[in-house]
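Accompanying notes for the structure given below.
The values are calculated or read from the model by the stated rules, or taken from the named source; none is laboratory data. Values in this document were obtained by computation on a predicted structure and should not be read as measured data. With ideal geometry, Cβ positions are generated from the backbone for all residues, glycine too; neighbour counts draw on all protein chains shown.
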């Protein structure tokens, strides 16, 4: 009898030791810093190679004269336009005009979309009333809001922020609703048992558990914010609004300046990629890491 108890205790100790070892291994892997060489090879080199290939193909098409030069400018012509704006000191001003508008509009959409999403997710009557409307607004092209916004607010910065809000708020709210819907009921029951009800339960249980869906909604909300802003700047171009990337693109079209058009497109693309790399990709990795889904950084 004693030998059986001893054997059982030994097995329990072995399992405990194995679990502790696995936990320690996970902790070591999670905290291990990625070597600089590995970062260069796996994260920096591939996009650089892709960009280089695009430029090479672009230049080959120019040399092959697949179309007229005024329709497809050479990469060197776009570089000349970039250099000219840089020397004139207007490049950073133009980019910052659009970036500041986009970020401010996104923050406003975040402040509105988050409580709206929680309200829709947690109150059945509100969900039945405006849930389908939010889904419909999310599928509506944001450019459709520009004409009425111009009529309502005129050619003022408020018009652009209104277009951003109408484009981004539904995405943020729907992302949070989707995240809340995926919260396991066991979490909610455990939270109520521990006294986390009402706003406390929302803050400590619902929001942390809904983070993956919420972050996806934020990322999509930023994409809609940026696209809405570009549409507003292109359509509602005015000296009173200042020169942003959208106006730069429209000015290039009006002046038949294809290098300027390509430059504006590239700058819009670069800003979108930069915001994703600086803000949303680290946020996604953090959410995954806190859930044990991302071991290596």
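For this structure, a couple of remarks:
- If you go through region 241-258 and keep only what is part of a helix (DSSP H, G or I) and under 17 Å from residue 95 (Cα atoms), you end up with 241, 245, 246, 247, 248, 249, 250, 251, 252.
- Any hit, region 261-274, residues being over 25 Å from residue 48 (Cα atoms), assigned to a helix (DSSP H, G or I) and out of contact with any helix residue (DSSP H, G or I) (no Cβ under 7 Å at 6 or more places or on another chain): no
- Against the test of being surrounded by 17 or more Cβ atoms within 10 Å (Cβ to Cβ) and either within 17 Å of the chain's Cα centre (by Cα) or not in a helix (DSSP H, G or I) (or both), the options 117, 105, 191 yield a single qualifying residue, 105.
- A single member of 205, 275, 268 is farther than 30 Å from residue 70 by Cα and at pLDDT 85 or above, and it is 275.
- Residue match in region 170-188 (condition: over 24 Å from the mean Cα position of the chain (by Cα), outside any helix (DSSP H, G or I) and farther than 22 Å from residue 216 by Cα): no
- Test: residue in region 216-238 that is part of a helix (DSSP H, G or I), farther than 30 Å from residue 93 by Cα and at pLDDT below 90: yes
- Against the criterion of being in contact with a helix residue (DSSP H, G or I) (Cβ under 8 Å, 6 or more places away or on another chain) and free of Cβ contacts under 8 Å to residues at least 40 places away in the same chain, residue 104 does not qualify.
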